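Contents: one structure, followed by commentary.
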2 protein chains.
Amino acid sequence: MDAFQPPGRLVTLTDVARAAGVGESTVSRVLRNHGSYSKRAGERVAEAVARLGYVPNRLAGSLAGQGASAQLAGIVIPSLANVVFPDLLRGLTTALDAEGVQCVIGVSDYDPDREEALVAALLSWRPAALLLTGLEHNPGTIALARAGGVRVVEMIDTDGAGIDAVVGFSNRAVGAASARHLLARGYRRIAYLGHDLQVDLRAAKRLAGFESALAEAGLALHGREIRSGPSSPASGRAGLEALLARHPDLDAVYFSNDDMALGGYFACLSAGLAVPGRLALFGFNGLDIAAAMPQPLSTVRTPRLEIGRQAAACLSGEGPTTIDLGFELIEGATA
Amino acid sequence: MDAFQPPGRLVTLTDVARAAGVGESTVSRVLRNHGSYSKRAGERVAEAVARLGYVPNRLAGSLAGQGASAQLAGIVIPSLANVVFPDLLRGLTTALDAEGVQCVIGVSDYDPDREEALVAALLSWRPAALLLTGLEHNPGTIALARAGGVRVVEMIDTDGAGIDAVVGFSNRAVGAASARHLLARGYRRIAYLGHDLQVDLRAAKRLAGFESALAEAGLALHGREIRSGPSSPASGRAGLEALLARHPDLDAVYFSNDDMALGGYFACLSAGLAVPGRLALFGFNGLDIAAAMPQPLSTVRTPRLEIGRQAAACLSGEGPTTIDLGFELIEGATA
DNA sequence: AACCGGATTGGCAGCGCTGCCAAAAGTCGC
DNA sequence: GCGACTTTTGGCAGCGCTGCCAATCCGGTT
């Protein structure tokens, strides 16, 4: 890889063709291993590529290629602050990298307008697929996605109608299962502690499922605390303290997720409240950390990595599909 | 945005020009707000764009534009499982999105060969910049980056020589400061508990700094436990138990990061060991969760978001730069 | 020796856009 | 109302690659 090119101009396929003494099309065929070429041609091209340090220009390649869609996947997630989404990304990148597909990502901060802007920006790279989070989008987002002529996969949530493919689990069902678990254990004065529901629509669906299961048992929430801002252990800790001050007779708390629940657990440790004797705690997500606690957290484990993998697998498919990957209730020792 | 296009063919700039009754160059000028055009032309183009639902093709745009480098940033991080990297990404995407730069990411799994392959793949999109993690790379990776004619920013670590720009902090200094803190508090029988050092070179640098500070005080590590696999609270918990079984007389443990330390703290809670009276714990990273613990963890907070932001800011710069953003030692209550 | 079918090859248009240039349309002062 | 400007505009080459087509090569047949 000697650099005898005039700096400023990168090595092109034409340069390689000249160096190898073959035509451009032959170089293209060899590089993509597509069409037939002789062994000798293959060797000469490989040698020239190595010698010149050629890196193909995929912008040009995708533009020229038919369908003109790039080996790119456009991904929009609402946040990177919650472990869920990095996990999702992990599943996605692992599966996509294996197929030589690159990931272009955007973070919407739970803002549908930003999501729409990001979708437009991502579509301008003519990705082969668009991976969104959740089922609720601006009408404009949906129109863009439809018009973009790309495969659309909506991840995490299956409670509702999708644009194209949907991979996830039912958040309502998670909420209902969590409520039934608490009810079965005899808890009756149950509060909810969560972060902003306007923003996290899937947390709102879980709560709706939770409340309707309570209602089936003739009960209602015994208090609720909604903290502004993102979920975090600190927020969960402060939230539980506020909740207990208002409703000292609570016997269980359902948290919007494990981060909040962990904060609640810390609050109990600090206040010397026995868990679950005095107060039961129930989370959501099934983080690793929840399992390492002195008392493993009672929670619901979601198949985050698997959602990413399956979503990646969906790209090659066609037509509407819904894949419900379910969830696993972990009994733990806090409820 | 009515869809009277023949499906299969996306709207092009030429379509917009025809619909607006102007030339292609005028459309291009209006869309990029570059060069001069009349108010009337602007309106007609805007109307046609909205009516046709035109999404520019940036593949073509970047290919045609001079310099031919795309408004893309190629990012390679070693992992998504550790909070550090999502945080870093968060800083990056926030800053880059504001400038209309999209992020293409790759995850190397701490494997230099995968990193090299990813760099090659990313360069094929002709990004404006390449953002790597750490300073240690394959020779091939460095050659590719150099030949690619892109701005290269290496993040997180400043202990060594960079290719181009470097943004981070000194991991050695973090280790040394941590050691000095423990020494100043009177701890003398100090062990190290970490995950795989072959793989996480920055953790190895912290340990080196830690040990050299111990050596200055005439001390050496009083035991060390290296867990295979990634860092996690579960691993930290099991590791601490193993460590204590071998060295029951330990008075402090330095962990490779907060995840491990949290697991260690849980182990102490479970075993009824007083922290820090019987055993002091010291972490690294300064996670939110560490601050929400009943006893805030003693640790070092790293400027992860800020590294992302500064790295993004570096892209517009030129020439070698090193930005050391330092770190903050948090006294906490566990050491 | 002429012929045939398949494997291999090179030339070239064109993907959708931008940069450049020259032409056209305004603008102003006198 | 006319020249000397400035602003606005459209045409077109070309970015680096791929797909298509026709040309060439090769080995075996007749």
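Can you give me the accessible area per residue for the stretch A:81-233, using a 1.4 Å probe, in Å²? Provide the component values of the computation, followed by the final result.
On the way: 5120 Å² over 153 residues.
Per residue, the stretch A:81-233 has 33 Å² of solvent-accessible surface.
Rolling a 1.4 angstrom probe over the protein heavy atoms, how many square angstrom per residue are accessible across the stretch A:13-56?
Numbers: 2560 Å² over 44 residues.
Result: 58 Å² per residue.
If the label for A:D249 sits 7 angstrom from Cα along the Cα-to-Cβ line, what are its distances to the same label in every other copy, in nm to one decimal, shortest first?
Label-point separations across copies, in nm and ascending: 5.7.
Quick check for me: using +1 on Lys/Arg Cβ and -1 on Asp/Glu Cβ, what's the dipole size of the stretch B:171-301 about its Cα centre, in debye to the nearest 20?
240
Would you mind working out the magnitude of the charge dipole of the stretch B:13-56 relative to its Cα centre, with +1 at each Lys and Arg C-beta and -1 at each Asp and Glu C-beta, to the nearest 20 Debye?
It works out to roughly 120 debye.
Within 10 Å of each Cβ of B:136-149, how many other protein chain Cβ atoms are there on average?
Neighbouring Cβ atoms belonging to other protein chains average 2 per residue here.
Residue by residue through A:264-273, how many Cβ atoms from other chains fall within 10 Å of the Cβ on average?
2
Whose amide H sits under 5 Å from the amide H of B:R224, counting only residues 5 or more places off or on another chain, with H placed in the peptide plane?
B:Y192
A:R9 label points, 7 Å along Cα→Cβ, one per copy: pairwise distances from this copy to the rest in nm, shortest first?
Distances to the matching label points in the other copies: 3.5 nm.
Return the calculated 222 nm mean residue ellipticity for chain B, to the nearest 500 deg cm²/dmol, obtained by summing -39500 (n - 2.57) across DSSP H runs with n ≥ 4 and dividing by the residue count.
Taking each H run of at least 4 residues, the total per residue is -13500 deg cm²/dmol.
Would you kindly calculate the mean projected area, averaged across all directions, of the convex hull enclosing the Cα atoms of the stretch A:171-301, in square nanometres?
On the way: hull surface 27.5 nm².
Over every viewing direction, the Cα hull of the stretch A:171-301 projects on average to 6.9 nm².
What percent does the relative contact order of chain B come to when contacts are Cα pairs within less than 8 Å and at least six residues apart?
15
Using θ = phi - 60° and the Karplus relation 6.51 cos²θ - 1.76 cosθ + 1.60, list the HN-Hα couplings for the stretch B:123-134 in order, rounded to whole Hz, with x at every Gly or Pro.
Values, residue by residue: 4, 5, 8, 6, x, 6, 8, 10, 10, 10, 10, x Hz.
Using each residue's phi in the stretch A:142-149, evaluate 6.51 cos²θ - 1.76 cosθ + 1.60 at θ = phi - 60° and report the 3J(HN,Hα) Karplus result to the nearest Hz, with x for Gly and Pro.
Working through the residues one at a time gives 5, 4, 4, 4, 4, 6, x, x Hz.
Could you pull out the trypsin sites (Lys or Arg not before Pro) across the stretch A:244-301 that fall in loop regions by DSSP (anything but H, G, I, E, B) with no more than 16 other Cβ atoms inside 10 Å?
Values: sites: A:R246, A:R278, A:R301; in loops: A:R278.
Qualifying residues, ordered by number: A:R278.
Could you list the residues of the stretch A:205-236 with an amide nitrogen less than 12 Å from a label point located 7 Å from the Cα of A:R189 in the Cα-to-C-beta direction?
A:222-223
Distance in nm between label sites at A:V199 and B:D324, each 7 Å beyond Cα in the beta-carbon direction?
Computed distance between label sites A:V199 and B:D324 equals 3.6 nm.
Which far-off residues, 5 or more places away or on another chain, put their amide H under 5 Å from the one on B:S170, with H placed in the peptide plane?
Correct list: B:T158, B:G326.
Taking Cα atoms, how many degrees apart are the long axis of helix B:201-216 and the longest axis of chain B, rounded to 10 and kept between 0 and 90?
30
Hey, which aspartates and glutamates would be in cross-link range of B:K205, C-alpha to C-alpha under 15 Å, not counting anything within fewer than 8 residues on its own chain?
Qualifying aspartates and glutamates at Cα under 15 Å: B:E136, B:D157, B:D159, B:D196.
Using Cα pairs closer than 8 Å and at least 6 residues apart in sequence, work out the relative contact order for the stretch A:1-121, in percent.
21
Name the trypsin sites (Lys or Arg not before Pro) in the stretch B:1-100 that are in a loop by DSSP and that have at most 10 other C-beta atoms within 10 Å, would you?
B:R9
Looking at the protein assembly as shown from every direction and averaging, what is the projected area of its Cα convex hull in nm²?
Orientation-averaged projected area of the Cα hull: 33.1 nm².
For B:T94 and A:Q66, FRET efficiency with R0 = 30 Å and r from the beta-carbon atoms, rounded to 0.05? Mind showing how you got there, number by number?
On the way: r = 37 Å, r/R0 = 1.22.
The value I calculate is 0.25.
Placing unit charges on C-beta atoms (Lys and Arg positive, Asp and Glu negative, everything else neutral), compute the dipole magnitude of the protein assembly as shown about its Cα centre in debye, rounded to 20.
With Lys and Arg at +1 and Asp and Glu at -1, about 740 debye.
Along the stretch B:227-241, what does the Karplus equation 6.51 cos²θ - 1.76 cosθ + 1.60 (θ = phi - 60°) give for ³J(HN,Hα), rounded to whole Hz, x for Gly and Pro?
After applying 6.51 cos²θ - 1.76 cosθ + 1.60, I find 8, 7, x, x, 6, 6, x, 4, 5, x, 5, 5, x, 5, 4 Hz.
Over chain A, how many percent of alpha carbon pairs lie in each 20 Å bin up to the one with the longest distance?
28, 42, 21, 9, 0
In the protein assembly as shown, carbon and sulfur make up what percent of the accessible area (probe 1.4 Å)?
Roughly 53 percent of what the probe reaches on the protein assembly as shown is carbon or sulfur.
Shortest first and in nm to one decimal, what separations exist between A:L329 and its copies in the other chains, measuring from label points 7 Å along the Cα-to-beta-carbon line?
For A:L329, the inter-copy label distances come out at 4.9 nm.
Using only atoms on other chains, find how many Cβ atoms lie within 10 Å of each Cβ of peptide B:75-85 and report the average.
Other-chain Cβ atoms within 10 Å of each residue's Cβ, averaged: 3.
Among B:P112, B:P303, B:P139, determine the one that fluctuates most according to a GNM of chain B built with springs between C-alpha atoms less than 10 Å apart.
Answer for the Gaussian network model of chain B: B:P139.
Among A:S25, A:V49, A:S36, whose Cα sits farthest toward the positive end of the charge dipole of the stretch A:13-56 (+1 at Cβ of Lys/Arg, -1 at Cβ of Asp/Glu, about the Cα centre)?
Farthest along the dipole direction, towards plus: A:S36.
The values are calculated or read from the model by the stated rules, or taken from the named source; none is laboratory data. Given the structure is predicted, the values throughout are model-derived calculations rather than measurements. Cβ sites come from the backbone with ideal geometry, for glycine too, and all protein chains shown count toward neighbours. To get the accessible areas, we keep the full protein, side chains included, count just its heavy atoms, and leave off ligands, DNA and RNA. Shrake-Rupley method; radii C 1.70, N 1.55, O 1.52, S 1.80 Å.
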